[in-house]
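The values are calculated or read from the model by the stated rules, or taken from the named source; none is laboratory data. Only a predicted model underlies this, so the values are computations on that prediction, with no experimental measurement involved. When we count neighbours, we look across all protein chains shown, and the Cβ atoms used for this are built from the backbone with ideal geometry, even at glycine. Ligands, DNA and RNA are stripped out before the accessible areas are found, and what is left, the full protein with its side chains, is counted by its heavy atoms. Shrake-Rupley method; radii C 1.70, N 1.55, O 1.52, S 1.80 Å.
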Amino acid sequence: MKRIFWIMTLCAALTACSGEKTTPIADSPARVVGRTATLDDGSISFDWSGVYIDIRFRGSYLAVELSDTKRNYLNLWIDGEEQPKLTSEGEHTTLVLFNDPSAEGEHLIRLQKATEAEQGRITLHSLTTDGRLLATDDLKLQRHIEFYGDSLTCGYGTESKSGSEPFLPETENCRYTYAALTAAHFGADYNLISHSGRGLVRNYGDSLQLSDPKTTMSSRAFRLFDEDPDSAWDFTTSPYRPDAIVITLGTNDFSTPPHPTEEQYIAGYRALIEKLRTAWGKELPVLCVVHSPYAVKCVQEMVKELPNTAMADISCDVYNRTTDLGASEHPNRYGQEKMARVVIEKFAQLTGW
């Protein structure tokens, strides 16, 4: 079966195709998973990496109209089969997701933001098909995991070929992270609240022992848009509620001197867990994934004192420091797979899943 994907302006798309119907995203039966904002015109905006939309339709043509404040890369699956990544850039661009006149029938599309918020905010405006959009209610999974983290969770360098390569947006892909792999293993929906270079109480390369709290993940964790400090996520009206939380923060805190003290780090960690449990539920299981050797001992002691909390140690010899490295010595997709094995084991012990 031949499937063709291309980018065209909205006017060109409407001229080239006939007998189509366009539906605002918010009015469609499509399923969007992640932190998003619904706009007055029926569009949906988001900037966190990993946000995905499931679209089921019957027909031979499907396109999405979107806008992007910068340039992002998007993962695409058609009927469960992974396709080459797409790009989004500029205002009111149409991405053709499916175009095969010989394949009129029911199809399932998943589109996912592969790159993090620094690469731009996406607004999905509408869907256009020559057929009919179908319900997606049955696609919601029984479990949901929310991941809080840094570049490891964003997928920095997961598609890169070596540790000496610089960061490039086209080699960042959250789809290959330990987070996405863990969620898939447990049959769970998921969302990623993560930003490269940010720490729990101190960001990468900061000259101070503690960074401005407004810039760390301890603050960003409660935002609707990662890049908008004035946006707040409404936990009370959230369309999803996680059944468990995974936190992978600390690598940037201890990456360069001056390091925060153990007391400062753990105080920040305790405060984040308490705030998240206040927002999502007091009994929520929390797995603390530790990548920095400096943080292992203090986190290990902390989880002993907090109920329904555990630690997964990926700080030493989990992945190969040559063949498993991507851009700027971050773990590539193979390193992430090895991290996922440790996380999955500890997560299962914690949750009983």
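Tabulated data
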read-out: Residue that is farthest from residue 188 (Cα to Cα), among those in segment 132-148 that are open to solvent by 10 Å² or more (accessible area, probe 1.4 Å) and not in a loop (DSSP other than H, G, I, E, B); value: 132
read-out: Restricting segment 4-40 to residues that are in a strand (DSSP E or B) and either surrounded by fewer than 15 Cβ atoms within 10 Å (Cβ to Cβ) or polar (S, T, N, Q) (or both), the residue that is modelled with the lowest pLDDT; value: 9
read-out: The lone exception for residue 319 - which of (1) within 26 Å of residue 172 (Cβ to Cβ); (2) at pLDDT below 95 it fails; value: (2)
read-out: Lone qualifier among 43, 67, 88, 49 - being among the hydroxyl-bearing types (Ser, Thr, Tyr), free of Cβ contacts under 8 Å to residues at least 60 places away in the same chain and open to solvent by less than 10 Å² (accessible area, probe 1.4 Å); value: 88
read-out: Residues of segment 209-226 satisfying the condition of being touching a helix residue (DSSP H, G or I) at 6+ places or on another chain (Cβ under 9 Å), more than 16 Å from residue 46 (Cβ to Cβ) and buried (at least 20 other Cβ atoms within 10 Å of the Cβ); value: 216, 217, 218
read-out: For residue 198: the one exception among (1) open to solvent by 40 Å² or more (accessible area, probe 1.4 Å); (2) assigned to a helix (DSSP H, G or I); value: (2)
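Listed here are the residues, each with its yes/no results for (1) farther than 21 Å from residue 197 by Cα; (2) of a type in the set (S, T, N, Q); (3) under 23 Å from the mean Cα position of the chain (by Cα).
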site	(1), (2), (3)
288	no, no, yes
299	no, no, no
335	no, no, yes
349	yes, yes, no
